[in-house]
Structure formats: structure tokens, C-alpha cells
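Reading through the C-alpha cells given below for one structure.
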Amino acid sequence: MSAFLWAAIIPAIVILCAFLVGKPFLLLAIPALYALQIARIALRKGGSAYAWKYAALMMFAKLGEAKGVLKYFLTSKGDLSFDYKSSQTIGRSPA
């Protein structure tokens, strides 16, 4: 849920607000919110250089995670169970 919130819902709300108000500069709120979230994560991790890298990569990973979740739900055809290996591929060596 967090990934979808940060990758889709928050940007959509900011874009909608910028469109409704007619102020395109409000779109700068998206990177500003991302920067604030990165700072919050980094400071909770101690504020070291490693913490800042961790925080930035965690926020960047939310984009890919949300894309994967959306793709899965759009292509799952109603079957929400995970199937890592089908019964046909078990025991076969890869060709």
C-alpha cells in the first residue's frame, strides 16, 4: 500500500490540485514531498551517509514496486494466488 500511495496516489492528488487551481508550479510539490520522505527515513535510520542512500533507494524502489503490483493485478485474470513454478516445469532441466 505504501508503494502505491507514494507512486500513484500522492502524485495524482498533486497533479489534480495543480490542474484545478491552474498553478503548474504546484507540480513541484511532488519532488518536494519525495525529498521530505527521504529525509524522514534517513533521519530515522540515524542520518549517516548510508542512511541517506538507503532512504533514497527505498523511495526509488517504491516506483518499481507499484508498477509490479499494478501489472500483476491487471494481468492476474482474477487469480490472486502466486504460482512460482507450475507442475509442468518441476523436475525439468532448463533448456
Next on the checklist: surrounded by 15 or more Cβ atoms within 10 Å (Cβ to Cβ), within 21 Å of G64 (Cα to Cα), touching a residue at least 24 places away in the same chain (Cβ under 8 Å) and in contact with a helix residue (DSSP H, G or I) (Cβ under 7 Å, 6 or more places away or on another chain): is that true of A3 in this structure?
Outcome noted: yes
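Return yes when A51 is within 14 Å of the chain's Cα centre (by Cα) and not basic (K, R) and no when it is not. Steps first, answer last, please.
Working: within 14 Å of the chain's Cα centre (by Cα): no; not basic (K, R): yes.
No: the conditions fail for A51.
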Checklist entry - Picking from A42, A18, which residue would you name as being more than 26 Å from Y72 (Cα to Cα) and in contact with a Pro (Cβ under 8 Å, 6 or more places away or on another chain)? => result A18
Checklist entry - Taking segment 16-44, which residues are at pLDDT 95 or above and of a type in the set (K, R)? => result R40, R44
Next on the checklist: Show the residue pairs meeting these rules: Cβ distance below 8 Å; 6+ apart or different chains; first residue within segment 50-62 and touching a residue at least 60 places away in the same chain (Cβ under 8 Å) and within 10 Å of Q37 (Cβ to Cβ); second residue surrounded by fewer than 16 Cβ atoms within 10 Å (Cβ to Cβ) and among the small types (G, A, S).
Outcome noted: K62/S2
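The values are calculated or read from the model by the stated rules, or taken from the named source; none is laboratory data. It should be emphasised that the depicted structure is a prediction, and the values quoted were computed from it without experimental measurement. Here Cβ is always computed from backbone atoms with ideal geometry, including for glycine, and neighbour counts include all displayed protein chains.
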